[in-house]
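Here is the structure we will look at, set down as structure tokens.
Derivation of every value follows stated rules applied to the coordinates shown; laboratory data play no part. Source: prediction; values computed, not measured. A quick note on method: Cβ atoms are made from the backbone with ideal geometry, for glycine too, and the neighbour counts reach across all protein chains shown.
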Amino acid sequence: MKYIDEFRDGSLAQKIAAGIGREADHGRPYHFMEFCGGHTHAISRYGLADLLPDNVRMIHGPGCPVCVLPIGRVDQAIRLALEQDVTVYTYGDCLRVPASGGLSLLKARARGADIRMVYSCADALALAQQRPDRQVVFFAIGFETTTPPTAVVIRQAAALRLTNFSVLCCHVLTPPAIAGILDSPEVRDGQTVPLDGFIGPAHVSTIIGSRPYEPLAEKYRKPVVIAGFEPLDVLQAIRMLVRQVNEGRAEVENEFSRAVDRDGNRKAQALVAEVFALRDHFEWRGLNVLADSALRIRSRFAEFDAENRFPVDYVAVPDHPACECGDILRGVKQPQACRIFGTVCTPENPVGSCMVSSEGACAAHYTYGRHKDV
Amino acid sequence: MPRITPTGVTRMSEARKTYVRPLDLKHGCVDMAHGAGGRAMAQLISDLFARHLGNAYLAQGDDGAVLPASGAGRLVMATDAHVVSPLFFPGGDIGCLAVHGTINDVAVMGARPLYLAAAFILEEGLPLADLDRIVRSMATAARTAGVPVVTGDTKVVERGKADGVFITTTGVGVLADGVSWSGSNARPGDAILLSGTLGDHGMAIMAERESLGFASPIVSDTAALHGLVASMQACGATIRVVRDPTRGGLATTLNEIARQSAVGMLLEEKTLPVKPAVNAACELLGLDPLYVANEGKLVAICAENDAERLLTAMRAHPLAADAAIIGRVFEDPHHFVQMTTAFGGRRMVDWLSGEQLPRIC
């Protein structure tokens, strides 16, 4: 596949890995967090951890949109479908996230809720136009990458004066989540979760640019390398992080220069700013409540805000007591250290959200890495 | 060896025995995962169907059942329900698919398919022109394969109670003496062969579904495989298992065999044939071709020393020109299917869990 195979070249990977081996100081460990689940997936799927020297370790971060979605948000979507009798459209990944009462969107559907998967929020809008007699809600989740398309459909719905379309907005932001991790007690003590740097997600930076990470790198003295999702991108980013650590630098560097620049996509940013405003606080699974870390729909577009249109207030619900997704999302624990990993909690019957999406740390280890536990 | 983890030094956990949560027969409902071909379906079959209907033939656990016959030889019987949407897709339709699918289930047991039965569930409102097109396609497929449809049944249900047309076909074949292929026969050291490219059928269907809306040259591989099977038998290789990796894809089929035979497997990613267009479509949707359905491919496991001979015989057949040796069977108490990645790393190739859903970003 052109433009993809070039970034999956095994022999080149061996060379970069050998370079990391040469440059990493054998007298010290390196701990890097790949923030995004897409990177977690690439590392697991291509077996990249096997190529790294023993003293370079990757810690899985919380950047998987369904993993950080708290139970109460999925409950809202289910209540919309079951109690308010609306049709809920959402992305496929959301369907199996565990909610209250042993439900998930998929299980709610088996009980009669009208819940459907779409590939794009534009499809949800088109389907709302086809069914004017039916209230349609798009359950919008995701980081900065998926936010501009949601902004576009809300603007389109306004232009079309649709009265049967609204959005349950659960869009979240990457930089505040990284700050949330760096502020957590386990990272601040410098021992429980030693962190020497971050790999930042390239697709997020195609929208926001690399600039928003600069204050973080400076304040917390941690290097950040924005990287693409192909295996060679990830390896190259690790090498750049090792160099920064060795040279005592804490800068924002861009490995994904083929699509990311410092400023990002200004047009998309303007669209997002027009439709969305910061929520004062938002509960994340694993990271608790973080200020200014998520988006709400501006009052100008309030009629397209499902939380405004329907009586579905957010109710916080604690995670299953045995589930350790919170610790796993903050890098405090590895998936296989969770008491219920692979026994009670499996991809078929996920107890926690990290076991749901292929980008979740638990699902990635279960699917690709269990042979290493033998 | 202890390993350094973010929490300090912890012992390596053992790969835990998978705990399978029992079916919740009181409150549970059927969901789409129960039909996707992965672990959930395997559980539904073992804990509900086999539990109530169990007998020695069902317990063989293969694509078809081997039955004693009054005369010489043995019979093989297999059945398959077809519910594909859309009914017509590039490379085929539900009609020819229903013929090929059941012929293949009989053929992969090593039997020669003889007769088919077909049951139709028609939805009120189905255009007769569509039904005519579907049945004509069945007839062509059956004629080409030399396996006639000898009996059938038709039911019509109210609009909304079915999706156009569902077709269930049942096939009967005869098994020559001495042939005993089963998913439980794989042994350490055996070679694993695949007859051709992965994922053509599943991606042809997905590309056709209206919500995707991209033009693609991907064509379903639906085909009857009994001719290919016959030429594999004729080459004299010691064949232990043959399966057609349909729903759940190659990954799920290999996991089923690994479990049935109580062995492990190691695949070589580099050797897996995938068409560039299928690869690209999978890439776009975040799918893995290893889990995408095939309708005209088979996977064979044979004695190590016979692998080259079997490969040559397969490649000589037009339906297996891209055949490849893709891995080996080895001893593994965990029955893991693993793969050496093109990078030289190693990873698991697990069962499909749930339906393969596209990722969101």
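Residues considered: B:Gly146, B:Gly202, B:Gly61. Largest GNM mean-square fluctuation over chain B, using C-alpha springs under 10 Å, is found at B:Gly146. Each Cα pair under 8 Å and six or more residues apart adds its separation to the average, and for chain B the resulting relative contact order is 21 percent. Under the rule a/c < 1.5 gives rounded, and otherwise a/b versus b/c splits prolate from oblate, where does region B:191-348 land using the Cα gyration tensor? It is oblate, given that a/c is not under 1.5 and a/b is not larger than b/c. Near A:Leu182, once Lys and Arg are set to +1 and Asp and Glu to -1 for all other residues with Cβ below 9 Å from its Cβ, the sum equals +2. Rounded to the nearest 0.05, the FRET efficiency derived from the C-beta distance between B:Glu283 and A:Ala122 at R0 = 22 Å is 0.60. For the residue pairs A:Lys2/B:Lys297; A:Lys372/B:Lys26; A:Lys15/A:Lys372; B:Lys26/B:Lys161, alpha carbon separations beyond 30 Å are given by A:Lys372/B:Lys26. Structure remark: mean-square fluctuation, Gaussian network model of chain B, C-alpha springs under 10 Å; the largest value among B:Gly28, B:Gly196, B:Gly327 belongs to B:Gly28. Taking every C-alpha pair closer than 8 Å and separated by at least 6 residues, the mean separation divided by the residue count of chain A gives a relative contact order of 22 percent. All other residues whose Cβ lies under 12 angstrom from that of A:Asp25 are scored, Lys and Arg at +1 and Asp and Glu at -1, for a net of 0.
With a/c under 1.5 counting as rounded, go ahead and sort region B:155-264 into rounded, prolate or oblate using the C-alpha gyration tensor (a ≥ b ≥ c being the square roots of the eigenvalues; past the cut-off, prolate if a/b is larger than b/c, else oblate). Please list the in-between numbers first.
On the way: a/c = 2.07, a/b = 1.65, b/c = 1.26.
Prolate.
Computed from phi, the 3J(HN,Hα) profile of region A:256-261 under the Karplus parametrisation 6.51, -1.76, 1.60 (θ = phi - 60°) reads 8, 5, 6, 9, 10, 10 Hz, with x in place of Gly and Pro.
Our summary of shape: the Cα atoms of chain A have principal axis extents of 66, 46, 43 Å, ordered from largest down, in whole angstrom.
Applying the Karplus relation 6.51 cos²θ - 1.76 cosθ + 1.60 with θ = phi - 60° to region A:81-86 yields 3J(HN,Hα) values of 6, 7, 9, 9, 6, 9 Hz, where x marks Gly and Pro.
For chain A, a Gaussian network of Cα nodes joined below 10 Å ranks A:Gly286, A:Gly21, A:Gly38 by mean-square fluctuation, and the top entry is A:Gly21. A helix-only calculation puts chain B at -7500 deg cm²/dmol for mean residue ellipticity at 222 nm, using -39500 (n - 2.57) for each DSSP H run of at least four residues, averaged over all residues.
For chain A, what does the helix formula give at 222 nm: sum of -39500 (n - 2.57) over DSSP H segments with n ≥ 4, over the residue count, nearest 500 deg cm²/dmol? Taking each H run of at least 4 residues, the total per residue is -10000 deg cm²/dmol. A simple count of charges around A:Ser293, restricted to other residues whose Cβ falls under 13 Å of its Cβ and scoring Lys, Arg +1 and Asp, Glu -1, yields -2. Phi angles across region A:157-174 convert, under the Karplus curve 6.51 cos²θ - 1.76 cosθ + 1.60 with θ = phi - 60°, into 3J(HN,Hα) values of 4, 5, 5, 7, 6, 6, 10, 10, 10, 8, 10, 8, 8, 10, 6, 10, 10, 6 Hz, Gly and Pro given as x. Inter-part distance, region B:29-73 to region A:232-292, computed on C-alpha centroids, equals 50 Å. According to the square roots a ≥ b ≥ c of the eigenvalues of the Cα gyration tensor, what is the shape class of region A:71-203, taking rounded for a/c under 1.5, prolate for a/b larger than b/c otherwise, and oblate for the remainder? It is oblate, given that a/c is not under 1.5 and a/b is not larger than b/c. Among the trypsin sites (Lys or Arg not before Pro) found in region B:127-216, those both in a DSSP coil and sparsely packed, with 13 or fewer other Cβ atoms within 10 Å of their Cβ, are B:Arg159, B:Lys161, B:Arg209. Annotation: amide H of B:Phe330 within the under-5 Å range of B:Gly189, B:Gly264, B:Met265, B:Leu266, sequence separation 5 or more or interchain, hydrogens built in the peptide plane.
Among the GluC sites (Glu not before Pro) in region B:208-285, those placed in a DSSP loop whose Cβ has at most 14 other Cβ atoms within 10 Å are B:Glu210. On the principal axes of its alpha-carbon atoms, the protein assembly as shown has extents of 84, 64, 47 Å, going from largest to smallest. The loop-placed trypsin sites (Lys or Arg not before Pro) in region B:23-112, going by DSSP, that have at most 12 neighbouring Cβ atoms within 10 Å of their Cβ come out as B:Lys26.
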